Amino acid sequence: MSRAESLAKRIEEGAAQLAAFAEGLSEAEWRAPGSPNSSDRRSVGVIVHHVASVYPIEVDLAKTIASGKPVMEVTWEVVANLNAKHSGDNANVTKAAALELLRKNCREAAAAVRAFTDAQLDEAAPFGLSFGAPVTAQFVIEDHALRHSWHHLAKLRKALGR
């Protein structure tokens with residue numbers, strides 16, 4: 001199995017686990033705060049939708065790094081602002097809409113990752129979310145598109161005591 005295929009399968013696995021978890025939630029759980037951290041007031045539903053909505057961005061960042069170009073304009077401050085805007089814009093997202101977007105965007109992200117060559121995965125360039133460190137496209141995929149669903153699923157489980 002190629003590295004790109006392995007990465008794509010792990011992206012799909014994480015999204016499937018997040019979707020399975022979300023499908024089993026009650027409406028009250030869907031609307032509950034999705035983080036055990038009191039500073040993050042996004043609901044469970046908004047967080048699931050957030051994971052779904054950023055797959056295209058995360059893959060585009062990896063594609064840019066894979067082309068040898070730095071990505072310094074994306075910082076943690078920019079991410080925080082995007083997350084806040086997303087939360088406000090999607091406060092009433094339905095479970096059906098979020099799950100549909102999660103499945104669609106995961107499928108498209110996995111397909112895009114499958115198209116990476118080993119040489120592209122090995123390409124490194126400075127990355128703002130890694131504080132300017134020259135990281136590989138594979139690292140960007142693993143640390144963002146792949147890890148994101150797992151990261152939020154763990155937080156959601158903790159927040160809901162599941």
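Taken together, the values in this text are just the output of simple stated rules run on the coordinates, not laboratory data. For clarity, every value in this text was computed on a predicted model and none was experimentally measured. All Cβ positions, even for glycine, are placed from backbone atoms using ideal geometry, and neighbour counts span all protein chains on display.
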> What is the distance, in nm, between label points placed 7 Å from the Cα along the Cα-to-Cβ direction at residue 67 and at residue 40?
Replying inline: 3.1
> Between the DSSP loop rule and a limit of at most 14 other Cβ atoms within 10 Å, which chymotrypsin sites (Phe, Trp or Tyr not before Pro) in the stretch 105-134 are left?
Replying inline: 131
>> Within the stretch 39-162, count lysine pairs with alpha carbon atoms under 21 angstrom apart where the residues are 8 or more positions apart or belong to different chains.
In response: 6
>> Just to confirm the number: angle between the C-alpha axis of helix 3-23 and the first principal axis of the chain, 0 to 90 degrees, nearest 10?
In response: 10
> the stretch 42-141: which GluC sites (Glu not before Pro) are DSSP loop and have at most 11 other beta-carbon atoms within 10 angstrom?
Replying inline: 73
> Can you give the calculated 222 nm mean residue ellipticity of the chain, where each DSSP H run of n ≥ 4 adds -39,500 (n - 2.57) and the sum is split over every residue, rounded to the nearest 500 deg cm²/dmol?
Replying inline: -21000 deg cm²/dmol
> Quick one: if you stick a label point 7 Å off each Cα along the C-beta vector at residue 103 and residue 117, how many nm between them?
Replying inline: 3.5
> Fewest to most neighbouring Cβ within 10 Å: what's the order for 149, 26?
Replying inline: 26, 149
> So how far, in whole Å, is the C-alpha centre of the stretch 124-162 from the one of the stretch 48-64?
Replying inline: 11
> If you take the beta carbon distance between residue 92 and residue 16 as r and set R0 to 30 Å, what does 1/(1 + (r/R0)^6) give as a FRET efficiency, to the nearest 0.05?
Replying inline: 0.75
>> Loop-only trypsin sites (Lys or Arg not before Pro) in the stretch 1-91, please: DSSP not H, G, I, E or B, and at most 14 other Cβ atoms within 10 Å.
In response: 41
